[in-house]
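S.K.: If you scroll down you'll find the structure; I have some questions about it.
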Amino acid sequence: MSDAITLTGSYKTAETRGTTRSLRTLVSIRRYASPIVLVCLWQIACSSGLLSTRLVASPVQIAVTGWTLVCDGTLPFNLGVSLLRAGSGLGLAISLGVALALVSGLSRIGEDIVDAPLQILRTLPALALVPLYILWFGIGETPKILLVALGATFPIYLNLHKGIRSIDPKLVEMASTLGLSRWQTIRDVFLPGALPDFLTGLRYAVGVSWLMLVVAEQVNAESGIGHMMMDAQDFLRTDIILVGLLVYGVLGLMSDQIVRLLESTLLAWRPDGRKGRTA
Amino acid sequence: MTHIQSDVHPGTAVIVERLTRRFNNGPPVLDELDLAIAPGEFVALLGHSGSGKSTLLRTLAGLDPVTDGAVTRPRDVSVVFQEHRLLPWKRVWKNVVLGQEDKAIRQRAEAVLEEVGLSHRSNAWPLTLSGGEAQRAALARALVREPAFLMLDEPFAALDALTRLKMQQLVADLWKKHGCAVLLVTHDVDEALLLADRAVVLERGRIRVDVPITIPRPRRHADPGFEGLRSLLLDALGVHAA
C-alpha cells in the first residue's frame, strides 16, 4: 500500500465555460435580489397604509417627485450648486494638503514647523467649527467651501506625508549615485512613489467632502441639495428628503468610482494583485 | 585632505589615501586605508561582513562623506547594488536612462539593453522582471553613462546559481568591451578569481592580502590554476580550505 495520491483535472471546454459564465451572471443577479425585494416590501407597506407617508414616502412617490424636481429645474440647479461647493472645497484641500505634505515630507525643518500643528488640528472635529466659521465668514459660499476644504485637507496631507516618508531610502541613494538633481529626485522618485498613498488620501478626502457639504448646507444655506432637503422638512415632504438622500448616495458612489479609475490608470505599474487594494 | 577629488580627465585611476572612517567614535571601520586602481583594471574586494568593504564602496560612490583621508576618482562613476533598485513606476528603458534628458535617450537605452540581452523587455514594468533580468537592467543603467569607474556591490548575491554564472560571463564581456576600471565587492572567492585582475582582502578596515590574478582569459571556473590562489584567499578570509 503506497501513500501516493493522484491529482487529476480536466481542461474546461468552451461549452462548460459558457455554462459557468451564465451561472456567474445568475449569482450577480442574486446579489441584487434582496434589495429589490426590500424596496417592493417598502412599497407594499406604504400602499397598504401600514407605513405613514408622513414618516417615509413610498418608492414610487420618490421616483415621481425626483422626476418632477428634475423637470422643473430644482434638482439640477441645487445639484450644480452642491457640486461646485464640493469641487471648490476639494480642489482647495488638494492644493493645500499637497503643498503642506511636500514641505513637511521633503525637509526636516518643514516637518518640525508643519507637522505638529496639523497633528493637533487633526484631532479637532471639523464640524464643531461650524459656528466659528459662520461668525468669521458669514453665510455666503465662503464658509461652506472652507468647511469642505478643512475636512478634506487632513486625509490628503496625512497620507501623502506618510507616502513621501516611506519611500525606500535605497531608491533615493540610487538616484544620488546617478547624479539626479534634487528636483529630478522629487519628480521621478518621491512623487510617483507617494502616489498610491496620495490616492488613498484622495478617496478619504472625497468621502469627507460630501459629509462636510451635507452639514454646511443644512445649517445655513439658501441653495444646494442640503438646503432642498431642509426646505422639504418644513413642509413634511419626506419624498423630497429621500430624493436628496438618494442624490448624496449616488454622488458618493460615483466619486469613489472615479478615484478607483484613477488608481487603476495611474498605478498600472503595480502587479495585478495589489491594484485597487482597499485602504 | 578631507574631500573627494573628481578628476576632470576620464580614465584617471582611483586613488585612496589614508582613508579612515569611524561611526559614532567607535573602532575605525576603515583604518588608514591605501588603495589604487589603474584605468581599466578589474579589482575584486573580498572580506567578511563588517570588514569595511561596503563602507569603502559607499565612500567611493559619494554616498558616505570622506572625513579623514583623501579619495581621487573619475567624475563619471556608476554603481550596481545587490538589489536592482529600479523605480517600479518607470518602464525598464526609462529606468536605464533615468536622469538623462536629451533627445537620443530612447536609442541609447535600446542599444545598452541590447548589450545586456534585455531588449525584449525594454517596455516592461520592473516588477514583472525576474531577478536576473532586473539585475541586467541595473547593469544597463550603470553602463549607459559610460563610466570610467564601475562599482559592483555584490551584484549577483541574490541570484540563483545558474543566473549568477550567466551574469558573471556578461560582466566579463562588458568589461572587455567598455574597458572601465571595476571594483567588485563580493563574498565569493571563485567569482573574484573568474573576473578580476587583482584580489584585495579587507580585514578590520585594512588590506590584509593584495594579490594579482594572472591566469589568462577567458577563464573557466574549473581552471586548475585557481587552486593556489583560492586557498590563499580563503586563508586570508580565515576559512581553511580542505
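The values are calculated or read from the model by the stated rules, or taken from the named source; none is laboratory data. Remember, predicted model here, so these are calculated numbers, not experimental data. In this analysis, Cβ positions are derived from the backbone assuming ideal geometry, glycine residues included, and neighbour counts consider all displayed protein chains.
S.K.: Restricting to the range A:155-177, name every residue that is outside any helix (DSSP H, G or I) and either at pLDDT 95 or above or within 12 Å of chain B (Cβ to nearest Cβ) (or both).
M.R.: Quick first cut of the range A:155-177, residues outside any helix (DSSP H, G or I) only: A:166-168.
Result: A:167, A:168.
S.K.: Another question, then. May I ask you to verify whether residue B:63 is within 14 Å of another protein chain (Cβ to nearest Cβ), among the hydrophobic types (A, V, I, L, M, F, W, C), under 17 Å from residue B:157 (Cα atoms) and surrounded by fewer than 23 Cβ atoms within 10 Å (Cβ to Cβ)? Break it down into steps so the answer makes sense when it comes.
M.R.: On the way: within 14 Å of another protein chain (Cβ to nearest Cβ): yes; among the hydrophobic types (A, V, I, L, M, F, W, C): yes; under 17 Å from residue B:157 (Cα atoms): no; surrounded by fewer than 23 Cβ atoms within 10 Å (Cβ to Cβ): yes.
When the stated conditions are applied, residue B:63 does not pass them.
S.K.: Here is a further query. Just the residues that are modelled with pLDDT of 90 or more, among the hydrophobic types (A, V, I, L, M, F, W, C) and under 20 Å from residue A:233 (Cβ atoms), please, taken from the range A:47-62.
M.R.: A:62
S.K.: Right, something else. Within the set of pairs 6 or more residues apart or between chains, which connect a residue that is assigned to a helix (DSSP H, G or I) inside the range B:187-207 to a residue that is among the small types (Gly, Ala, Ser) with Cβ atoms less than 6 Å apart?
M.R.: B:192/B:44; B:192/B:199; B:195/B:172
Conditions (1) more than 14 Å from chain B (Cβ to nearest Cβ); (2) surrounded by 20 or more Cβ atoms within 10 Å (Cβ to Cβ), marked per residue:
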| position | (1), (2) |
| --- | --- |
| A:183 | no, no |
| A:187 | no, no |
| A:194 | no, yes |
| A:215 | yes, no |
| A:234 | yes, no |
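S.K.: So residue B:119 fits all but one of (1) within 12 Å of chain A (Cβ to nearest Cβ); (2) of a type in the set (S, T, N, Q); (3) more than 18 Å from residue A:177 (Cβ to Cβ); what number is the exception?
M.R.: (1)
S.K.: Assess whether residue B:49 counts as being assigned to a helix (DSSP H, G or I) and either of a type in the set (Gly, Ala, Ser) or at pLDDT below 90 (or both).
M.R.: No.
S.K.: Take the range B:77-93 and flag every residue that is more than 9 Å from every other protein chain (Cβ to nearest Cβ) and of a type in the set (D, E, K, R).
M.R.: None - no residue of the range B:77-93 is more than 9 Å from every other protein chain (Cβ to nearest Cβ) and of a type in the set (D, E, K, R), so the list stays empty.
S.K.: Taking the conditions exactly as written (buried (at least 16 other Cβ atoms within 10 Å of the Cβ) and either closer than 26 Å to residue A:271 by Cβ or aromatic (Phe, Trp, Tyr) (or both)), does residue A:203 satisfy them or not?
M.R.: Judged against the criteria, residue A:203 is a match.
S.K.: Looking at B:219, B:204, which is the one that is surrounded by 14 or more Cβ atoms within 10 Å (Cβ to Cβ) and either within 25 Å of residue B:50 (Cα to Cα) or within 14 Å of the chain's Cα centre (by Cα) (or both)?
M.R.: B:204
S.K.: Looking at the range A:207-218, can you tell me whether even one residue there is more than 22 Å from the chain's Cα centre (by Cα), in a helix (DSSP H, G or I) and at pLDDT below 90? First the steps, then the outcome.
M.R.: To start, the set of residues in the range A:207-218 that are more than 22 Å from the chain's Cα centre (by Cα) comprises none.
No: the range A:207-218 contains no residue that is more than 22 Å from the chain's Cα centre (by Cα), in a helix (DSSP H, G or I) and at pLDDT below 90.
S.K.: Of the residues in the range B:81-107, how many are touching a Phe, Trp or Tyr at 6+ places or on another chain (Cβ under 9 Å) and either among the polar types (S, T, N, Q) or assigned to a helix (DSSP H, G or I) (or both)?
M.R.: Result for the range B:81-107: 4.
S.K.: Of the residues A:230, A:212, only one is of a type in the set (A, V, I, L, M), touching a Leu at 6+ places or on another chain (Cβ under 8 Å) and in contact (Cβ under 8 Å) with a residue 12 or more places away in the chain; which?
M.R.: A:212
S.K.: Is there any pair linking a residue in the range B:94-114 that is more than 13 Å from every other protein chain (Cβ to nearest Cβ) to one that is at pLDDT 95 or above and surrounded by fewer than 19 Cβ atoms within 10 Å (Cβ to Cβ), with Cβ under 7 Å and at least six apart or on different chains, and which?
M.R.: That search, which allows pairs on different chains as well, returns nothing.
S.K.: Only one of (1) within 14 Å of chain A (Cβ to nearest Cβ); (2) of a type in the set (Lys, Arg); (3) part of a helix (DSSP H, G or I); (4) over 26 Å from residue B:54 (Cβ atoms) fails for residue B:141. Which number is that?
M.R.: Every listed condition holds for residue B:141 apart from (4).
S.K.: Can residue A:139 be described as loosely packed, with under 15 Cβ neighbours inside 10 Å and either over 30 Å from residue A:83 (Cα atoms) or out of contact with any helix residue (DSSP H, G or I) (no Cβ under 6 Å at 6 or more places or on another chain) (or both)?
M.R.: Details: loosely packed, with under 15 Cβ neighbours inside 10 Å: yes; either over 30 Å from residue A:83 (Cα atoms) or out of contact with any helix residue (DSSP H, G or I) (no Cβ under 6 Å at 6 or more places or on another chain) (or both): yes.
Taking the combined requirement at face value, the residue satisfies it.
S.K.: Let me ask something else about it. Please verify whether residue B:48 is in contact (Cβ under 8 Å) with a residue 40 or more places away in the chain, under 21 Å from the mean Cα position of the chain (by Cα) and surrounded by fewer than 17 Cβ atoms within 10 Å (Cβ to Cβ), treating the condition exactly as stated.
M.R.: yes
S.K.: Quick check on residue B:69: is it touching a residue at least 12 places away in the same chain (Cβ under 8 Å), away from chain A (no Cβ under 13 Å) and under 29 Å from residue B:162 (Cα atoms)?
M.R.: Considered against the rule, which asks whether it is touching a residue at least 12 places away in the same chain (Cβ under 8 Å), away from chain A (no Cβ under 13 Å) and under 29 Å from residue B:162 (Cα atoms), residue B:69 comes out as no.
S.K.: Being surrounded by fewer than 20 Cβ atoms within 10 Å (Cβ to Cβ), more than 13 Å from chain A (Cβ to nearest Cβ) and in contact with a Pro (Cβ under 8 Å, 6 or more places away or on another chain) narrows it down to one residue among B:148, B:172; which is it?
M.R.: On the way: B:148 fails: surrounded by fewer than 20 Cβ atoms within 10 Å (Cβ to Cβ).
Only one candidate passes the filter, namely B:172.
S.K.: Considering only the range A:217-232, state which residues are buried (at least 20 other Cβ atoms within 10 Å of the Cβ) and of a type in the set (D, E, K, R).
M.R.: Passing the criteria: only A:217.
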